[in-house]
């Protein structure tokens with residue numbers, strides 16, 4: 001196998017690792033609590049990143065990147081982990097994860113609005129399809145049902161609100177860092193700051209008792225590996241592999257994530273959910289094709 005194909009395979013492994021995050025975070029949160037579980041995950045992932053990515057070159061990185069990158073990255077990771085941890089049920093955790101996966105569409109829209117990315121008419125229907133996909137997911141067995149979706153959101157507005165805010169924040173992170181990072185990669189520092197923020201919330205906000213078990217410890221190890229090795233593997237794939245293939249594969253993370261989470265959490269998902277999940281993916285792909293076609 002050539003080095004380029006090997007790097008592409010490593011990048012595809014990152015896609016699978018990231019897709020497992022929703023189910024793993026929820027499984028850890030069931031034992032250690034929303035805040036305590038997230039704090040443990042990001043602490044362990046930080047340790048892994050120290051040995052895989054390292055922390056070299058921080059002094060030479062642009063100060064604006066370190067400031068805004070830290071703020072936006074930590075905010076996003078807090079929204080992601082806590083939205084899943086605060087979900088009332090496994091089904092709700094999967095739905096919350098799907099709301100978070102609006103970020104690919106939002107990221108492309110942010111690139112168009114703020115970074116001068118040129119695009120054609122496919123972007124508008126793509127964004128609409130993604131949003132309708134979320135309505136389909138949250139509508140339950142009735143599919144596209146605004147009243148049903150609103151009732152679902154009202155059951156736990158904190159989780160759904162955090163997930164949506166996270167999607168917007170990650171789009172902002174991608175748009176901002178693309179302009180000011182200058183090739184820098186401070187992911188290890190960002191993970192450490194996320195862990196510190198979660199521990200501060202746990203200690204100051206009364207995070208509750210942690211109930212350890214063998215299964216919780218295993219899920220924690222897997223979640224840390226998925227987080228830490230996921231970023232490391234993606235970095236290898238993007239730098240040395242087939243970027244076009246990896247970009248296309250990343251847009252199927254929502255469907256793969258739902259499938260893995262459903263298996264881990266033992267939650268049966270109805271046909272309307274899967275239709276909505278594919279709509280979220282399809283809308284993001286339309287947006288991506290719109291920007292690619294214009295660039296070409």
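Miscellaneous remarks
- Gyration tensor verdict on region 197-272 (Cα atoms; rounded if a/c is under 1.5, prolate if a/b is larger than b/c, oblate otherwise): oblate
- Between residue 121 and residue 182, the simple spin-label model (points 7 angstrom out along Cα→Cβ) gives 4.2 nm.
- Simple spin-label estimate for residue 114 and residue 6 gives 3.8 nm between the two label positions (7 Å along the Cα-to-Cβ direction from each Cα).
- Region 121-217 shape via C-alpha gyration tensor axes, a/c threshold 1.5: oblate
- For the residues 213, 83, 46, a GNM of the chain with alpha-carbon springs under 10 Å puts the largest fluctuation on 213.
- Most fluctuating residue given options 42, 202, 76, as computed from a GNM of the chain linking Cα atoms under 10 Å: 202
- Cα gyration tensor, region 1-138 - rounded (a/c under 1.5), prolate or oblate: rounded
- Separation between Cα centres of region 168-192 and region 88-113, rounded to whole Å: 18 Å
- Theoretical ellipticity at 222 nm over the chain - DSSP helices of four or more residues, -39500 (n - 2.57) apiece, nearest 500: -26500 deg cm²/dmol
- Neighbour counts of C-beta atoms inside 10 Å place 240, 211 in the sequence 211, 240, starting with the fewest.
- Listed peptides 185-192, 25-32 by packing density, highest first (mean Cβ within 10 Å): 25-32, 185-192
- Within a Gaussian network of the chain (alpha carbon springs, distance under 10 Å), most fluctuating of 273, 114, 252: 114
Bear in mind that the values in this text are calculations on the coordinates, not laboratory data. Quantities reported herein were computed from a predicted structural model and do not represent experimental measurements. Virtual Cβ from ideal backbone geometry, glycine too; neighbours counted across all protein chains shown.
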